[in-house]
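The values are calculated or read from the model by the stated rules, or taken from the named source; none is laboratory data. What you see is a predicted model; the values in this text were computed from it and never measured. With ideal geometry, Cβ positions are generated from the backbone for all residues, glycine too; neighbour counts draw on all protein chains shown.
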Amino acid sequence: MNFESLTDALNFARDKEQKANDTYMIFGAIVKDTAAKKLLEELARQELGHKKMIEDALESGTIAHIGGKRQIAEVSFSDFIVPPPDLGPDSAPQEVMTYAMKMEQSAYNLYNELLSNYQGTDLETLFSRLAQEELKHKEILEEQYEKHFMQWM
């Protein structure tokens, strides 16, 4: 399915940020390792910051007049959905980390796609920042994954 408007795309992104926050909070409540808990809480806090940036853009009232290089309807939101995992209290930490990395990659892909479409507009800074931050989240998770799990492979 495709987005019908830029507002729809931003609402999708806002909801995606809230789901990422929720996911990190749930995982943070499950993990026993103090450092992992702190990392997940920090990522959750940053996702709420992303949600706020998107809400500010939506509330500004100016996005309705911003055109992209192509119609937003050409962008399919199904390309940016990460299937929900079957994770729970007994899930292996590797499963949790793998899902989180996929979630961050998906968010990066969404913002990078929106950035390429809205370069040169008032939204360029927003999408650039969000893409960079989501990529940084993924890199942090990958670093932690390598540190804790790759040594055993």
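Just give me the residues in the range 31-46 being assigned to a helix (DSSP H, G or I) and touching a residue at least 60 places away in the same chain (Cβ under 8 Å), in sequence order. The answer is A36, L39, L43, Q46. Looking only at the range 81-89, decide whether some residue is in a helix (DSSP H, G or I) and either touching a strand residue (DSSP E or B) at 6+ places or on another chain (Cβ under 6 Å) or surrounded by 12 or more Cβ atoms within 10 Å (Cβ to Cβ) (or both). There is no residue in the range 81-89 that is in a helix (DSSP H, G or I) and either touching a strand residue (DSSP E or B) at 6+ places or on another chain (Cβ under 6 Å) or surrounded by 12 or more Cβ atoms within 10 Å (Cβ to Cβ) (or both).
Screening T121 with (1) surrounded by fewer than 16 Cβ atoms within 10 Å (Cβ to Cβ); (2) hydroxyl-bearing (S, T, Y); (3) modelled with pLDDT of 85 or more gives one miss only, at (1). Number of residues in the range 124-139 that are over 13 Å from A20 (Cβ atoms) and surrounded by 19 or more Cβ atoms within 10 Å (Cβ to Cβ): the value is 3.
With respect to (1) part of a helix (DSSP H, G or I); (2) crowded, with 18+ Cβ neighbours inside 10 Å, the lone exception for E55 is condition (2).
Let me spell it out: the conditions are (1) buried (at least 18 other Cβ atoms within 10 Å of the Cβ); (2) within 21 Å of the chain's Cα centre (by Cα), and G68 meets all of them except one. Which number is the exception? With respect to (1) buried (at least 18 other Cβ atoms within 10 Å of the Cβ); (2) within 21 Å of the chain's Cα centre (by Cα), G68 is out only on (2). Here K32 fulfils each of the conditions (1) at pLDDT 95 or above; (2) of a type in the set (K, R); (3) out of contact with any helix residue (DSSP H, G or I) (no Cβ under 6 Å at 6 or more places or on another chain) apart from (1). Just one of the listed residues (E74, E42) is surrounded by fewer than 19 Cβ atoms within 10 Å (Cβ to Cβ), touching a strand residue (DSSP E or B) at 6+ places or on another chain (Cβ under 9 Å) and not hydroxyl-bearing (S, T, Y), and it is E74. Criterion applied to S60, S91 was being among the small types (G, A, S) and farther than 29 Å from G120 by Cα, and the one residue passing it is S91.
Taking the numbered list (1) assigned to a helix (DSSP H, G or I); (2) over 20 Å from K102 (Cα atoms); (3) touching a helix residue (DSSP H, G or I) at 6+ places or on another chain (Cβ under 7 Å) in turn, T23 passes all entries but (2).
Take the conditions among the hydrophobic types (A, V, I, L, M, F, W, C), touching a residue at least 40 places away in the same chain (Cβ under 8 Å) and part of a helix (DSSP H, G or I) and apply them to A64. Does it pass? In short, yes. Filtering E142, E47 for residues that are under 30 Å from V31 (Cβ atoms), buried (at least 18 other Cβ atoms within 10 Å of the Cβ) and among the acidic types (D, E) leaves a single hit, E47. Mind checking which pairs have a first residue in the range 98-118 that is within 14 Å of I81 (Cα to Cα) and a second that is surrounded by 20 or more Cβ atoms within 10 Å (Cβ to Cβ) and of a type in the set (G, A, S), Cβ under 7 Å, 6 or more apart or different chains? So the pair list comes out as M103/A20; A107/A20; Y108/A131; L110/A13; Y111/A131.
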